[in-house]
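Heads up: the structure comes next, in C-alpha cells.
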Amino acid sequence: MSKTDRTYLRIPDKNGDFTIIVKRFYYEGDESSWSGTYYFQPFFRVNGEGNRIIRKDCLWEYHDVVGLDSKGFMLSNEEEFKEYCRKKFQDFRDTLCINPFSKDKEPKYTDDVICSLEMNW
C-alpha cells in the first residue's frame, strides 16, 4: 500500500460538503510553545490602517483534519488550493464598502500574496 500525499486536503463545511481546502505545515516552536503538524485555511482581513487586505489564516489541528475527531477528508492539490485562495479573496473583497470618491487608489494584489503557500499569522 502506497502512502498518499496529504499536503492539500478538502474537508467538509458545516453542511457536509467538501468545499474547504487546507494545506499542511509543520510549526516548530521553542520549549515553551507547541510544535507539530497543523493545517491552515486561507482567510483575509483588512490591516490595522484599514487600507489593505491581508492574509490571516485559520489554523486547524492535525487531529481535527485527519484524526479520529475529523469528519473525513478528500485529497486535493496545489492548483485547487490556489484557486480556493483566489475565491476566498474575492468573496472577502466583495463584502467591503470601498469609497468611490477616495483619492487613494486600491492597492494591486498579486497572486503571490493572495495564493501564498506559507501560513500567514
TODO: Six or more apart or on different chains, Cβ under 6 Å: which pairs go from a residue in the range 1-20 that's within 11 Å of Phe73 (Cβ to Cβ) and among the hydroxyl-bearing types (Ser, Thr, Tyr) to one that's modelled with pLDDT of 95 or more and surrounded by 10 or more Cβ atoms within 10 Å (Cβ to Cβ)? Could you list them?
DONE: Tyr8/Lys23; Tyr8/Ser76; Tyr8/Asn77; Tyr8/Phe81
- [ ] Give the residues of the range 63-82 that are open to solvent by 100 Å² or more (accessible area, probe 1.4 Å) and without any contact (Cβ under 8 Å) to a residue 40 or more places away in the chain, sorted by residue number.
- [x] Leu68, Glu79
- [ ] Would you tally the residues in the range 74-86 being touching a helix residue (DSSP H, G or I) at 6+ places or on another chain (Cβ under 6 Å) and either assigned to a loop (DSSP other than H, G, I, E, B) or of a type in the set (Val, Ile, Thr) (or both)?
- [x] 0
Task: Conditions (1) hydrophobic (A, V, I, L, M, F, W, C); (2) assigned to a loop (DSSP other than H, G, I, E, B); (3) surrounded by 15 or more Cβ atoms within 10 Å (Cβ to Cβ): number failed by Ile98 - done: (3)
TODO: For the range 87-95, indicate whether the set of residues that are within 17 Å of Phe18 (Cβ to Cβ), of a type outside the set (Gly, Ala, Ser) and either out of contact with any Lys or Arg (no Cβ under 7 Å at 6 or more places or on another chain) or not in a helix (DSSP H, G or I) (or both) is non-empty.
DONE: yes
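The values are calculated or read from the model by the stated rules, or taken from the named source; none is laboratory data. Predicted, not measured: the structure shown is a model, and the values here were computed from it. Note that we place each Cβ from the backbone using ideal geometry, even for glycine, and neighbour counts take in every protein chain shown. To get the accessible areas, we keep the full protein, side chains included, count just its heavy atoms, and leave off ligands, DNA and RNA. Shrake-Rupley method; radii C 1.70, N 1.55, O 1.52, S 1.80 Å.
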